[in-house]
Amino acid sequence: MSSASGRRDLLRWLAAAPLAASVLGAGPPAWGRARGGRLPGVEKPLPDDAFTVRGTNAETRFPAFRGTGALTPRSLFFVRNHTRTPVLDERDWRLTLWGSGLRGRHPVHIGYGQLRSMPSVTLTAVIECAGNGRSLFTTQQGEQVSGTPWTMGAIGAARWRGVRLRDVLYRAGLAGSAVDVMPRGLDDEFTADGVSLGRVRRPLPVAKALDDVILAYEMNGEPLPYDHGFPVRVVVPSWIGIASVKWVGDIEVSDAPLASPWNTRFYRLFGPDHPPGGSAPLTRQTIKSALELPWDATLAAGERTRLTGRAWSAAAPVRGVEVSTDGGTRWRPARLHDVPRRHGWVRWSADWVPPRPGPVTLLSRATDRHGNVQPARAAHNTQGYLFDAVVRHPVTVV
Ligand SMILES: Nc1nc2c(c(=O)[nH]1)N[C@H]1C(S)=C(S)[C@@H](COP(=O)(O)O)O[C@H]1N2
Ligand SMILES: [Mo]
């Protein structure tokens, strides 16, 4: 299916190419540019005012969240694809559960219709890439990091509906000895440095799998869009985005710990401040806040401006947000516009009359109910994960 989708994307790209000559010998389409709001490998349009294309991925421009509700419209939700979106047909789809952590006869197959007929739950949760904010390690802290240079928009919030993974695991015959489950995507194998690492997959401890993880088939009340995992994706509340495997095709259930490059080579903290083999595999996301304002925005002196933004924490509901309009000397509380909930984000605002022309650094700082506060500096790690520092947002008052 993915090769058909690849061929179709290539044909689409060829049709859009202005000169046939530029296509001959050009090989596959170059990543990095959305032509007319289209990116090969992503199905939905990526209008330039709403997205920044980064390789195979598309980041939501944070100011584009302004005016949207607590849920992110599907059309605005960031896309993080290791390869390309496979266009799957739910009639061909089935989930396979297999491995040493199942009792009785297996593999077990569950079709789309069977999944839809099981009891469902709904859950509002953000999905946020572990590397969200990564480029600020460099621009704000002067540190080198590798990976997609996201600013703050590798996040979105949605209302997910689906079946508890717990129910599916029990139906498949989960054994008491099971320790890890590993969902795997149906997208193409991922290649790094010329070596295939296989399909995207990452182990999940059974304790988390039985707690609040769902196999989602709806996003904001409609079937999942192709780019966000149609027909079924995993949603792992509060954990880094890679845990929420899209286009899930099979789940290995194991009575011994599992490993994949996505919990050994990636998604650990490496560097001088961390153990030689890296930290333990990352699980929970961190705390952040951001302004819904373009970088280097121009504001008028003497005119009341409503600064708006969002704040979120994976550990607990947001308790408050403070804002500084003088580079971090004085802080005042922002107004919250949503009831803070676990797994969600809150909109906030603060009115400000810029006093005089000149450059200003605006800051926002979130605190959650567990007492976590955004620090002034995020802990460096070579792959730039879990940026949590207060963002220093430059604007110019004229
Ligand atoms: N099968 C599969 N699942 C995947 C990915 C992928 O490339 N393939 N990317 C992961 C990463 S790194 C993130 S941050 C989230 C992004 O979800 P979204 O594209 O729906 O925003 O999906 C995760 N699930
Ligand atoms: Mo991610």
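Within segment 183-191, one or more residues are acidic (Asp, Glu), over 22 Å from residue 313 (Cβ atoms) and away from ligand 2 (no atom under 16 Å from the Cβ).
In the set 145, 126, only one residue is touching a His at 6+ places or on another chain (Cβ under 9 Å), part of a loop (DSSP other than H, G, I, E, B), within 16 Å of ligand 2 (Cβ to nearest atom) and of a type outside the set (S, T, N, Q); that residue is 145. If you go through segment 192-231 and keep only what is within 16 Å of ligand 2 (Cβ to nearest atom), open to solvent by 20 Å² or more (accessible area, probe 1.4 Å) and among the aliphatic types (A, V, I, L, M), you end up with just 197. Annotation note: Cβ proximity below 6 Å between a residue of segment 60-80 that is within 17 Å of residue 311 (Cβ to Cβ) and a residue that is outside any loop (DSSP other than H, G, I, E, B) and open to solvent by 60 Å² or more (accessible area, probe 1.4 Å) (sequence gap 6+ or interchain) occurs for 71/159. Scanning segment 288-343 for residues that are at negative phi, among the charged types (D, E, K, R) and open to solvent by 70 Å² or more (accessible area, probe 1.4 Å) yields 303, 304, 306, 319, 330, 332, 335, 341, 342. Taken residue by residue, segment 95-116 has at least one member that is of a type in the set (Gly, Ala, Ser), farther than 19 Å from residue 248 by Cβ and either open to solvent by 70 Å² or more (accessible area, probe 1.4 Å) or assigned to a loop (DSSP other than H, G, I, E, B) (or both). The residues of segment 326-345 that are touching a residue at least 40 places away in the same chain (Cβ under 8 Å) and either in contact with a helix residue (DSSP H, G or I) (Cβ under 6 Å, 6 or more places away or on another chain) or closer than 24 Å to residue 154 by Cβ (or both), listed by number, are 338, 341, 342, 343, 344, 345. Return a yes/no flag: does segment 181-200 have any residue that is touching a Ser or Thr at 6+ places or on another chain (Cβ under 6 Å), touching a residue at least 12 places away in the same chain (Cβ under 8 Å) and more than 16 Å from ligand 1 (Cβ to nearest atom). No.
Note on segment 248-325: enclosed strands (runs of 3 or more DSSP E) holding 2 or more residues that are in contact (Cβ under 8 Å) with a residue 40 or more places away in the chain and within 30 Å of residue 111 (Cα to Cα) are 248-254.
Considered as a group, the residues in segment 232-263 that are surrounded by fewer than 19 Cβ atoms within 10 Å (Cβ to Cβ) and either of a type in the set (A, V, I, L, M, F, W, C) or more than 16 Å from ligand 2 (Cβ to nearest atom) (or both) include one that is nearest to residue 60 (Cα to Cα), and that residue is 259. Within segment 129-141, how many residues are more than 16 Å from ligand 2 (Cβ to nearest atom) and not in a helix (DSSP H, G or I)? Qualifying residue count, segment 129-141: 2.
The values are calculated or read from the model by the stated rules, or taken from the named source; none is laboratory data. On a predicted model such as this, the values are computed, not experimentally measured, just so you know. Cβ: placed from backbone, ideal geometry, glycine included. Neighbour counts: every protein chain shown. Keep in mind that these areas ignore ligands, DNA and RNA; they rest on the heavy atoms of the full protein, side chains included. Shrake-Rupley method; radii C 1.70, N 1.55, O 1.52, S 1.80 Å.
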